[in-house]
1. Note the angle between two axes, namely the Cα long axis of helix 15-29 and the longest principal axis of the Cα atoms of the chain, as a number of degrees from 0 to 90, rounded to the nearest 10.
2. Sort S45, S334 so the one with the fewest other Cβ atoms within 10 Å of its own Cβ comes first.
3. Which of the three applies to the stretch 233-334, rounded, prolate or oblate, going by the alpha-carbon gyration tensor with a ≥ b ≥ c and a/c under 1.5 meaning rounded?
4. With respect to the cross-link table entries K111/K208; K46/K263; K32/K105; K32/K182; K105/K263, which display a Cα-Cα separation exceeding 29 Å?
5. From the square roots a ≥ b ≥ c of the eigenvalues of the alpha-carbon gyration tensor of the stretch 147-239, which class results: rounded (a/c under 1.5), prolate (a/b over b/c), or oblate?
6. Go ahead and run the numbers for FRET between Q324 and R128, Cβ-Cβ distance against an R0 of 45 Å, rounding to 0.05.
7. Over the stretch 31-140, with a single point scatterer placed on each C-alpha, what log10 of the ratio I(q)/I(0) does the Debye formula yield at q = 0.09, 0.23, 0.24 1/Å?
8. In percent, what relative contact order does the chain have, based on Cα pairs under 8 Å that are 6 or more apart in sequence?
Amino acid sequence: HDERNHRYSVSNGLYNLRREVALRYERRHGVKLNPENQVLAGLGSKEVFSHLCLALLGPGDTAIVPAPSFPIHVYAVALASGNVISLDCTNPQRFLSDVAAVTEKLYPRPKVLILNYPHNPSTTVVERDFFLDVVKLARMYGLMVVHDFAYGDVCFDGYHAPSFLSVPGAAEVGVETTTMSKGYNMAGWRLGFCAGNAEMIRALATIKGYYDYGIFQAIQIAGIVALRHCEDLVTRQARIYQQRRDVLLEGLRRIGWEAETPKAGMFIWARYPEEWRQRMGSIDFAMKLIEEAEVAVSPGRGFGEAGEGYLRLALVENEHRLRQAVRQISRCLSRG
């Protein structure tokens, strides 16, 4: 018991925690960051992202958001009184072409480009070259880039998700948010980070200084220990999710569902059968599954219009329970 942990903390996180984040970036991605002014710790990556939008956007400003959209990517912009332009991101190169086309035509030009790879909910991934093109685009049009890298630790089949910050010039135009919720299995602890451009980090720290006095220090110390000693846990976690992915994919395909094999993430993005798509939207279909099959899924419409016709099925249950869920879905739909 340390009484000092019960005081107000610093709003941008303990220095030793920020240093461990910087060291992990160097080990994992070859990125050198100054923990003094290029790393900030927050109450989970959603809090960091939301306050970042308040720091960067104001009334009349526009942000380009990937679609289908993880809800906070849209609502954080709206809460900052910004305008949202949603562009389909499931074909990454076409997404960048669309960003360029929109930015050329719009005046005032969009201020912020929000990215999210591995993508939630579609599980779309990119290679490092994609971010080289992002930096070029950001420089050409004066865009600030915010990359949500929440699922960077949960990769399968030998795929290694590239960090936006790993490409030259990235820290000059943007930041990246990360979390300990996924790879380190610390979802309820609320510990996330923002790293990259020092000016954007400073603006975020200022906003956080108005809203909170940082994270409970005992949790920050636990984060330091995890970052120093638990890298093998991240690898084991990813392996568990890969096994669950394989079980759920095999079951869904056996009952006639369409789904890509995710290279990363903690869910499957599946198109439910056409006969049911013609009869009901994804929200009604998800309600049918929860009421009649007792299986809870996220309707694609919850991620915007681009998600209609799909469901997001999370890999948060063990393999036995996933097989049971597929059986119950199959029985429910066979009854009509």
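1. Compared with the principal axis, the helix lies near 60 degrees.
2. Fewest to most other Cβ atoms nearby, the residues stand as S334, S45.
3. prolate
4. Details: K111/K208 21 Å; K46/K263 23 Å; K32/K105 36 Å; K32/K182 23 Å; K105/K263 35 Å.
Those over the limit are K32/K105; K105/K263.
5. Numbers: a/c = 2.46, a/b = 1.17, b/c = 2.10.
Oblate, since a/c reaches 1.5 and b/c is not below a/b.
6. Calculated value: 0.70.
7. Once normalised to I(0) and log-transformed, intensities are -0.24, -1.42, -1.45.
8. Relative contact order, the chain: 20 percent.
None of the figures in this text is laboratory data; all of them are computed from the coordinates on show. None of these values were measured; they are calculated from a predicted model. All Cβ positions, even for glycine, are placed from backbone atoms using ideal geometry, and neighbour counts span all protein chains on display.
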